[in-house]
Amino acid sequence: MKDWRYRRELAVAALLGCILLGLAIWAPAFYQAQPLLSLATREAPSLIVTCGMVIVILTRQIDISVGSMFSVCGVVCGLLAASGWPVWSLLPAGVVIGGAMGAVNGVFIAGLGLPSIVVTLAMLVALRQGLNLFRQGEFVTLPDGVQWFGMSQVHGQIVVLCATGVLVALLAYGLQRISLGRHFYAVGSDAEASRLAGLKPRRVTFLAFVFLGALTGIAAMVNVVQSPQVQPLSGYGMELKVIAAVVVGGVAISGGRGYLWGAAVGLLLLACISPALVYLHMEAYWEKAFQGAIILVAVLAEGLRARSARRHRTDFS
Amino acid sequence: MTPLLVFQRISKSFGAVRALRGVDFELRPGEVHALLGENGAGKSTLIKVATGAHTPDGGTLMVDGEVHDGLTPALAHDLGIACIYQQPALFPDLTVMENLALRLEKPASFARVRWTDRRKRAMELLAKVGAEILPDSTVNELSMPEQQLVEIAGAVGAEARIVIMDEPTASLTRREQERLYGIVRALKSEGIGIIYISHRLEEIFALADRVTVLRDGSSAGTFDVCDINEGELIRLMVGREVTHLYPPPLGSPGEVRLKVDHLCCHASGVEAVSFEVRAGEILGMAGLVGAGRTELARILFGITPADAGTISMDGRIVTVRSPSEAIDEGIAYVPEDRRRHGVVLDMSVAENVTLAAHRRYFPGGWLRDRIEAGAARDAVERLAIKTAGIDAPVSSLSGGNQQKVSLSRWLATEPKLLILDEPTQGVDVGAKSEIHALIRRFAEAGMAVILISSDLPEILGMSDRIAVMGGGKLIGILPSGSAAADVMAVALGQSGTPGKDIA
């Protein structure tokens, strides 16, 4: 039993491995350093948001406002940079802005007990429309020294990747090794049982949303430093990509089960399909079809697992 | 005259628990047949067999003289068996008329709804049971007794000939009860057979023609109500031999640990409860289902905080407005519904053992595998938990072992007061003795223990004193060594000697 604890995550990783292997055989051009580095850097922001989404979904909630929060953080920090804030101060600014928006979600969901899908849908629309009204779709031009922290592109990319890697590793470790991480799992499995065990489910749920908001702020910064301008719609559609990655990575949408590294592998799997198609000279239109198929298989696998678990459990009634 | 419903040696088990052990039962037309028994005597299971919700493991079930092997809820409905539960099972957001139609009309997915006919039918049925309810009102606007009337109207409309009523008067006022009795008598005069479940003995004598007493899943006899008196009924309900040895009690308890003074909670119906528990003492809490025992426990543990009254621990008044505050005050609670809330089923044994005491096991908040594994192994050993391993999910354990996991998590917090709610419900005999021994050991270690149980022998065998609750109030406190019949009599409100020393 124990040997199979990670079977779902390993299956996803194996699929990713197959694709990478296939590319190595049929399209070795994929493994050129520069394009590969760019691909990885482009996906870094989504990866960070995915980590936050794992926490929220583990607590049996969902947040579909991440795309809008991402855009807002990017634009606000871009404006701060344009008004002369130093580069190093943008990261804490992003964390604070994102964390504050997450806290608003958290207050409505954990404090007032409203359903997370409705609250975050309202947040998604409100932030997106507010940003449209405020910016009229205008780009923010960043001062020199923000893009790639004023370094060369390759160096900047390496810094971004290393920082993202360290962050993801810390989060994955902390989720398993810190008391609060265990609380996210417990509350997502059975909020009432957790409360009876003396946990504070509302506080834990609130914190999950704050974490996701703060991580979205960090992700927005990781995105801002990649280009000379901030695009006001940079986070458009991000929620779907991130939630899909979480589901594919084996985190139960019903909460309480799954691993952060699984979701990270899930994101990489979904992200490498598009370039793989390009290098294999297939129509790019196939991308969504493949991603959809992978998500469907993931949902199917989860459904079968849940069914067999139920059957297993009734044996003991 | 053919009986409407006959049970011959019906048996039904759930895992290791034998809920029915060969019950004989018979319902004649035009009779009110009362079913009486302690909590867990098998009444609910018997009803569920009659309505097709449970398939019996053995025995014969006859409706109108015909044997039915595979009775399903749909077939039972077609045979004219209707059940009115204590909590009406209506769709709260639909109107009365729609609820009746769902029960009475043949399902035809695409047929046009004839609203005029529906309304007319509903009004006729409601008039028949004497209910002044508009067919267009939604069910959640109705009071509990009104909902009950809708249920009865549904049963009448379905031309049911066997009507089962599960404690129908439990939540009714005196006048509403009288009206219900009138309806029951009217149904009876039409030749309908009624199975009437109630804990109120005076009601049984007023309404029923015959009474069957269930005890431990078997029938202790069927009697005409004119041939039996209350005392005999009580004796039949509890009169079982003790098949189980309990650990001996401790000599003398210590200081007063918990003192509860005029505790009230309007929302859960607990009224002015006062008592105390000493260190090392086991206070048994007896009473019928709905007597307010679980509600009291939930107040003490801060799940539903009290509106008035005080709780003192070791002579100091404390406020408990959430379980985490209760835990900080040294109170631990093992809830009744273990399968739902006593443990986190998806988490492993080890994770469950440490869950309530992270701060103690992991100062600084860093989870350490070695500490966790040590704690879990210790718990598995001390409580003799049978599990494939400390990493196995708790959902893979048997009921008794889940209960032990639920218990073990509190030992780490070293509580001063341990509240156990039905700790051995659904637990097999062997594990039951082990749990009893553990509870006694906790008391010996100086904990004050409140033991809530519907298993009267367990209360009698384990308790140093026995508190009896009824209707949200503490009715009396009996000394250890009281007879089962005395406790039952107090619980049923039949005793002339209420609590000897209400603290």
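Residue count for the stretch B:414-431 satisfying the condition of being surrounded by 19 or more Cβ atoms within 10 Å (Cβ to Cβ) and modelled with pLDDT of 80 or more: 9. So is A:T50 hydroxyl-bearing (S, T, Y), under 30 Å from A:L121 (Cα atoms), under 11 Å from the mean Cα position of the chain (by Cα) and buried (at least 24 other Cβ atoms within 10 Å of the Cβ) or not? Yes. In the stretch B:278-289, the condition of being without any contact (Cβ under 8 Å) to a residue 12 or more places away in the chain and surrounded by fewer than 21 Cβ atoms within 10 Å (Cβ to Cβ) is met by no residue. Within the stretch B:386-434, being touching a strand residue (DSSP E or B) at 6+ places or on another chain (Cβ under 7 Å) and of a type in the set (D, E) holds for B:D391, B:D421, B:E422.
Restricted to the stretch B:137-177, and to residues there that are modelled with pLDDT under 85 and in a helix (DSSP H, G or I), the residue that is surrounded by the fewest Cβ atoms within 10 Å (Cβ to Cβ) is B:R174. Scan the stretch B:39-46 and give yes if some residue there is over 16 Å from the mean Cα position of the chain (by Cα), outside any loop (DSSP other than H, G, I, E, B) and either of a type in the set (A, V, I, L, M, F, W, C) or over 30 Å from B:P423 (Cβ atoms) (or both), otherwise no. No, because not a single residue in the stretch B:39-46 is over 16 Å from the mean Cα position of the chain (by Cα), outside any loop (DSSP other than H, G, I, E, B) and either of a type in the set (A, V, I, L, M, F, W, C) or over 30 Å from B:P423 (Cβ atoms) (or both).
Inspection of the stretch B:328-340 identifies no residue that is part of a loop (DSSP other than H, G, I, E, B), over 30 Å from B:A485 (Cβ atoms), out of contact with any strand residue (DSSP E or B) (no Cβ under 7 Å at 6 or more places or on another chain) and at pLDDT 90 or above.
Please go through the stretch A:135-170 and give me each residue that is among the aliphatic types (A, V, I, L, M) and within 23 Å of A:L233 (Cβ to Cβ), ordered by number. Result: A:V140, A:L142, A:V146, A:V160. Scanning the stretch B:463-487 for residues that are over 15 Å from B:G290 (Cβ atoms) and of a type in the set (K, R) turns up just one, B:R465. If I filter the stretch A:308-316 for residues that are of a type outside the set (K, R) and away from every other protein chain (no Cβ under 14 Å), do I get at least one hit? No, that holds for no residue.
Quick check: is even one residue across the stretch B:85-95 closer than 25 Å to B:T169 by Cα and in a strand (DSSP E or B)? Looking for residues that are closer than 25 Å to B:T169 by Cα and in a strand (DSSP E or B), one finds at least one in the stretch B:85-95, hence yes. For the stretch B:178-199, filtering for residues that are among the basic types (K, R) and either crowded, with 18+ Cβ neighbours inside 10 Å or modelled with pLDDT of 90 or more (or both) leaves 2. Can you tell me which condition A:L180 does not meet? The list is (1) free of Cβ contacts under 8 Å to residues at least 60 places away in the same chain; (2) over 22 Å from A:M101 (Cβ atoms); (3) under 21 Å from the mean Cα position of the chain (by Cα), and all the others hold. Just one mismatch for A:L180, condition (2).
Let's see how each residue does on (1) buried (at least 17 other Cβ atoms within 10 Å of the Cβ); (2) more than 23 Å from B:E422 (Cβ to Cβ):
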{"residue": "B:A326", "(1), (2)": "yes, no"}
{"residue": "B:H341", "(1), (2)": "yes, no"}
{"residue": "B:L345", "(1), (2)": "yes, no"}
{"residue": "B:A356", "(1), (2)": "yes, no"}
{"residue": "B:R359", "(1), (2)": "no, yes"}
{"residue": "B:L367", "(1), (2)": "yes, yes"}
{"residue": "B:E372", "(1), (2)": "yes, yes"}
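Listed here are the helices (runs of 4 or more DSSP H) enclosed by the stretch A:146-224 that have at least 3 residues being away from chain B (no Cβ under 14 Å): A:153-177, A:201-224. No other residue among B:M123, B:M144 is closer than 23 Å to B:Q86 by Cβ and touching a Pro at 6+ places or on another chain (Cβ under 8 Å) apart from B:M144. Candidates in the stretch B:290-324 are the residues that are free of Cβ contacts under 8 Å to residues at least 12 places away in the same chain and of a type in the set (A, V, I, L, M); of these, the one that is surrounded by the fewest Cβ atoms within 10 Å (Cβ to Cβ) is B:I317.
With respect to (1) surrounded by fewer than 19 Cβ atoms within 10 Å (Cβ to Cβ); (2) free of Cβ contacts under 8 Å to residues at least 60 places away in the same chain; (3) of a type outside the set (A, V, I, L, M), the lone exception for B:Y85 is condition (2).
Taken over the stretch B:313-331, the residue count meeting the criterion of being under 28 Å from B:S454 (Cβ atoms) and more than 9 Å from chain A (Cβ to nearest Cβ) is 5. Filtering the stretch A:259-272 for residues that are within 27 Å of A:M101 (Cα to Cα) and outside any helix (DSSP H, G or I) leaves a non-empty set. Mind listing whichever residues of the stretch B:193-225 are outside any strand (DSSP E or B) and out of contact with any Phe, Trp or Tyr (no Cβ under 9 Å at 6 or more places or on another chain)? Answer for the stretch B:193-225, where residues must be outside any strand (DSSP E or B) and out of contact with any Phe, Trp or Tyr (no Cβ under 9 Å at 6 or more places or on another chain): B:S198, B:H199, B:R200, B:L201, B:E202, B:F205, B:D209, B:D216, B:G217. Where residues in the stretch B:64-78 are in contact (Cβ under 8 Å) with a residue 24 or more places away in the chain and under 18 Å from B:M165 (Cβ atoms), which of them is surrounded by the fewest Cβ atoms within 10 Å (Cβ to Cβ)? Going through the qualifying residues, I end up with B:H77. Taking B:A350, is it part of a helix (DSSP H, G or I), away from chain A (no Cβ under 12 Å) and at pLDDT 90 or above? Against the criterion (part of a helix (DSSP H, G or I), away from chain A (no Cβ under 12 Å) and at pLDDT 90 or above), B:A350 does not qualify. If only residues of the stretch B:23-51 that are among the small types (G, A, S) and at pLDDT 90 or above are counted, the one that is nearest to B:V225 (Cα to Cα) is B:A34.
The single condition among (1) of a type outside the set (A, V, I, L, M, F, W, C); (2) under 23 Å from B:L94 (Cα atoms); (3) free of Cβ contacts under 8 Å to residues at least 24 places away in the same chain that B:E151 does not meet is (3).
The values are calculated or read from the model by the stated rules, or taken from the named source; none is laboratory data. What you see is a predicted model, and the numbers here were worked out from it, not measured in a lab. All Cβ positions, glycine included, derive from the backbone under ideal geometry; neighbour counts span all protein chains shown.
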